[in-house]
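Scroll down for the structure; my scribbles are underneath it.
The values are calculated or read from the model by the stated rules, or taken from the named source; none is laboratory data. Quantities reported herein were computed from a predicted structural model and do not represent experimental measurements. Please note: Cβ atoms are built from the backbone with ideal geometry, for glycine as well, and neighbour counts cover all protein chains shown. Just the protein is used for accessible areas: all its heavy atoms, side chains included, with ligands, DNA and RNA removed. Shrake-Rupley method; radii C 1.70, N 1.55, O 1.52, S 1.80 Å.
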Amino acid sequence: MKNITSSKNMETRLKKWRSGAEAVISNIKRGYNLARCTWKGWEHFASKVLWSAIAYNIRVMTAQIVKLV
């Protein structure tokens, strides 16, 4: 009985984790125009993704700080 319970708990946790990850990806794609990258070359693409992720993280951290104040 314990294995069934822990299995359902793990399934629920994985679903929540996946939905959270999909939300973050969606926010980055919409907020930082990552649906299509017009920068040429792999290095430029990697730079666009890196800086977009950094900007998103700064936005999230700033929102948390403002919420605390």
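Averaged per residue, the chain has 92 square angstrom of accessible surface, using a 1.4 angstrom probe with ligands and nucleic acids left out. The largest accessible area among S7, S52 belongs to the first residue in S7, S52, and the rest follow in falling order (1.4 Å probe, all chains).
The residue among W17, Y32, Q64 whose Cα reaches farthest toward the positive pole of the charge dipole of the chain, with charges on the beta-carbon of Lys, Arg, Asp and Glu, is W17. Calculated over the chain, the projected area of the Cα convex hull averaged across directions stands at 7.1 nm².
Percent of accessible area on the chain owned by carbon and sulfur, 1.4 Å probe?
On the way: 4010 of 6340 Å².
Roughly 63 percent, rounded to a whole number.
Taking amide hydrogens as placed 1.01 Å from N in the peptide plane, the amide H of C37 sits under 5 Å from that of no residue at least 5 positions away in sequence or on another chain. Relative protection proxy for 53-60, 19-26, from highest mean packing down: 53-60, 19-26 (other beta-carbon atoms within 10 angstrom). Residue pairs exceeding 32 angstrom between C-alpha atoms, taken from K8/K67; K29/K67; K8/K48: K8/K67; K8/K48. Hey, what angle do you get for helix 2-31 against the long axis of the chain, alpha-carbon based, 0 to 90 degrees rounded to 10? It works out to around 20 degrees.
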